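These notes concern the structure reproduced below.
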Amino acid sequence: MNINPVGVESFLNVYEHQARIDLAQSTIASLTMAEILALDGQGGDTFYEQLNKEKMNYGWIEGSADFKHEVAKFYQHVDPDNVLQMNGGTGANLNAIIALVEPGCHVVVEYPTYQPLYELPKAFGAEVDKWVIHEEDGWQPRLDELKRLVLPDTRLICLNNASNPLGTIITTEVLEEIVEIAKSVDAWVLCDEVFFPLEEPETCTSIVDLYDKGVCTNSVSKDYSVPAARCGWTVSNKELADRMRVLRDYTMICSGVFNDALATYVLRNRDKIVERNLGIIQTNRAIVNEWMAGEGRASWIPPKGVSVSYLRLDTPVDDESFCLDLLRDTGVLLVPGSRFDLPRGARLGYCAHEEVLREGLATLSAYMHEKYD
């Protein structure tokens with residue numbers, strides 16, 4: 001199999017530990033273990049009470065019953081048996097795509113987007129067409145273009161709601177129209193929902209609540225600030241879940257007892273995490289908007305309730321060179337937009353801790369004007 005490196009991951013693998021001010025991450029300010037244990041109001045006693053009973057064996061291969069039930073609460077009519085625990089959102093996407101894609105089949109992928117959503121189908125032999133979204137539309141999709149791309153034998157449509165790195169969302173109304181297009185050719189729809197909006201969530205609906213041939217992927221890494229758990233999931237109908245059960249035995253076996261316990265505890269206390277993270281989103285977005293008003297070399301389309309965003313930069317050098325120079329000279333880390341096929345910009349992880357964001361933006365402005373004015 002020939003497969004391209006994931007641009008954002010290969011960049012962060014090399015450079016993220018060199019950063020003094022990290023504005024590259026897509027997680028909402030990762031929680032410390034102390035903060036996690038404080039969630040239950042008992043210093044983590046409920047977590048350790050459960051964990052101390054467990055043998056450190058393989059645990060529940062598909063995820064514990066408690067984990068499955070906590071995940072099922074996110075959706076309207078989901079059988080917990082069709083919730084499968086995966087190795088983060090990455091593992092969830094991998095297993096879903098392996099289950100759905102065969103050599104020669106036709107796949108349509110929203111683009112630009114998280115790279116594995118189009119690289120994996122291509123690597124498994126699919127014919128992949130990119131459904132391009134446009135900045136002049138506020139990064140919103142054109143449904144007439146999707147209709148032209150979908151063929152009678154299209155197997156799969158891949159979406160990212162909300163978009164990584166753009167931070168834009170697909171509303172329920174638009175997703176319903178996408179579902180009707182998929183139904184017209186009996187295609188599956190995979191929706192990566194790891195950045196499902198925390199703000200005004202009623203404007204969006206999970207694909208599995210709209211379409212029997214929908215599969216969603218998610219994790220506790222982004223909206224719930226615990227990427228260390230490496231715990232994600234898929235939700236689908238029974239037909240697809242049974243296919244993925246077989247695949248999991250080849251790709252992961254299980255997530256592990258400790259990770260399952262940690263993820264379940266986090267999901268049980270999700271309301272406190274959401275309250276915290278909504279505050280971070282709203283406070284930090286206002287900080288960036290205020291900064292943007294006085295910064296002539298940057299612009300963005302403000303994200304709606306999610307932790308990722310794309311920063312358009314007006315610099316005379318390419319974005320990869322700019323980001324590497326910025327890191328070397330100031331210690332500020334951004335992900336070059338070209339790592340998402342979005343040149344002349346960068347992914348801004350604006351949901352860092354407030355003091356980190358403020359210092360990073362001030363340093364970024366000073367650097368751009370010193371270098372290019």
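The values are calculated or read from the model by the stated rules, or taken from the named source; none is laboratory data. Because the structure is a prediction, the values reported are computed rather than measured. A quick note on method: Cβ atoms are made from the backbone with ideal geometry, for glycine too, and the neighbour counts reach across all protein chains shown. To get the accessible areas, we keep the full protein, side chains included, count just its heavy atoms, and leave off ligands, DNA and RNA. Shrake-Rupley method; radii C 1.70, N 1.55, O 1.52, S 1.80 Å.
Couple of notes before you dig in:
- Residues satisfying the stated conditions in the range 36-67, i.e. free of Cβ contacts under 8 Å to residues at least 40 places away in the same chain and either outside any helix (DSSP H, G or I) or within 23 Å of the chain's Cα centre (by Cα) (or both): GLY41, GLN42, GLY43, GLY44, ASN52, LYS53
- Qualifying residue in the range 345-358 (condition: free of Cβ contacts under 8 Å to residues at least 60 places away in the same chain, part of a helix (DSSP H, G or I) and over 22 Å from ALA162 (Cβ atoms)): yes
- Residue in the range 89-98 that is touching a Cys at 6+ places or on another chain (Cβ under 9 Å), buried (at least 17 other Cβ atoms within 10 Å of the Cβ), part of a loop (DSSP other than H, G, I, E, B) and hydrophobic (A, V, I, L, M, F, W, C) present: no
- MET1, sole failed condition from (1) touching a residue at least 24 places away in the same chain (Cβ under 8 Å); (2) part of a helix (DSSP H, G or I): (2)
- Residue check for ALA362: over 21 Å from ILE169 (Cα atoms), open to solvent by 50 Å² or more (accessible area, probe 1.4 Å) and modelled with pLDDT of 95 or more: yes
- Checklist (1) part of a strand (DSSP E or B); (2) of a type outside the set (D, E, K, R); (3) open to solvent by 60 Å² or more (accessible area, probe 1.4 Å) applied to HIS77, failing item: (1)
- Close pairs (7 angstrom Cβ cut-off, 6 or more residues apart or separate chains): touching a residue at least 12 places away in the same chain (Cβ under 8 Å) and more than 18 Å from GLY296 (Cα to Cα) in the range 306-319, among the basic types (Lys, Arg) and surrounded by 16 or more Cβ atoms within 10 Å (Cβ to Cβ) anywhere: SER307/LYS222; VAL308/ARG347
- Every residue from the range 310-359 that is of a type in the set (Ser, Thr, Tyr) and at pLDDT below 95: THR315
- Residue check for VAL8: surrounded by 16 or more Cβ atoms within 10 Å (Cβ to Cβ), in contact (Cβ under 8 Å) with a residue 24 or more places away in the chain, in contact with a Phe, Trp or Tyr (Cβ under 7 Å, 6 or more places away or on another chain) and farther than 30 Å from ASP153 by Cβ: yes
- Candidates ARG243, ARG268, ARG248: the one that is within 19 Å of ASP66 (Cα to Cα), among the basic types (Lys, Arg) and either at pLDDT 95 or above or within 21 Å of the chain's Cα centre (by Cα) (or both) is ARG268.
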